[in-house]
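Report on the following structure.
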Amino acid sequence: MFRLKYAIAATVVAGLVGTVAAATVTGPASASTGTVAGSRILVHFDFAKGQAPENLVTDPRGVVDVTLAFSRQVVRVDAAGKMTVLATLPAPVAATKCPILNTPSFLSGIVRAGNGDLFVNYCTGSADLQGIWRIRAGTRPVRIGALPADTFPNGLAADRSGHLYATDSLRGVVWRLPVRGGTPAVWSADPALRRTGFIGANGLKVHNGAVWVSNLDAGTLVRIGIQRGGTAGAARIRATGLPGVDDFDFVADGCDTVLVALNPSSQVVRVNPATGAHTVVLTAADGLSNPSSVAVGRHGAFVTSAAYFTMTDPNVLAARIR
């Protein structure tokens, strides 16, 4: 029953983005191309149990924490592939649906604060659960920022001044709130973030004094500078031609080169925002199955394959970065 329910949901999504799925970025398809080498599958999940790995964050110890989109769980995966459940978000009581996807719930972005707390985006379409949640060791998950029911919280990141930023794929905006909690406020509603058919603002990272956002519908990466006082600057499109772009990460703190997950085509590409050049570095041949996010840490790059369209072999892939 579970597989059937989400197979139907994925079929609807696939229909909406059929033209995106048909498009791919061309270029060298070897896993050793450019900055990525030595890839391996770290852990396999079970799509029939709702274990679609949507987003992840690295840890200096070499573990990764992963959101499982439909099972409402956050899990930790160590270097040997051993999985431990860290938290399970409460199930919706009312018969509500996460907007756009029309699924009972959707657990998306994840980020870690300096004190070790984890924060996740949770979409249920219900006023009592929708928003940003904190996961602290030894305690139950707590919602620290409520979002309207008619939003789709997706990407999530934190800056060094103690603020969280969350993309809203339905309204096409970026929300901002303090890490300690509070009422989220719209930080940027630039037209470059808007949806035109399916999903607008999607993945999100804070990097080199700016918030970077992917727009799936537009196939773009957008840079929004953080101005003095924390306000949003003008949005600048830094990369185009990225069909099905999901989440992404930068290869180093002082470098704008970025690894981008292209979900429907099962590719990860390296993008140079200075020139717009794209290079394919990972494909389905390396084990990708609709990659949804990339995280770069001390121990290399990690990619979640959510398998939303293939519904085959959701996994986390690990790779070295040259």
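Calculated [222 nm] ellipticity per residue, helices only, for the chain: -2000 deg cm²/dmol; basis is -39500 (n - 2.57) per DSSP H run with n ≥ 4, divided by all residues, nearest 500.
Spatial offset of the range 269-322 relative to the range 104-140 amounts to 24 Å, using the alpha carbon center of each. Remark: the range 263-276, residue by residue, has Karplus-estimated 3J(HN,Hα) of 5, x, 8, 6, 9, 10, 10, 8, 10, 9, x, 5, 10, x Hz, where x stands for each Gly or Pro and the curve is 6.51 cos²θ - 1.76 cosθ + 1.60 at θ = phi - 60°.
The lysine pair count for the range 2-321, using Cα distances under 26 Å and pairs eight or more places apart or on different chains, is 4.
I want the local charge near G162. Using Cβ-Cβ distances under 15 Å, sum +1 for each Lys or Arg and -1 for each Asp or Glu among the other residues. Working shown, then result.
Values: positive: R112, R134, R160, R176, R180; negative: D117, D159.
Once positives and negatives cancel, what remains is +3.
The Stokes-Einstein estimate for the range 2-321, based on a Kirkwood radius over Cα pairs and taken at 20 °C with 1.002 mPa s viscosity, is a diffusion coefficient of 113 µm²/s.
Computed on the range 2-321, with alpha-carbon pairs under 8 angstrom and 6+ residues apart, the relative contact order is 18 percent.
Readers should treat all values here as calculations from the given coordinates under stated rules, not as data from a laboratory. All values reported here derive from a predicted model rather than from experimental measurement. Glycine also receives a Cβ, built like all others from the backbone with ideal geometry; neighbour counts cover every protein chain displayed.
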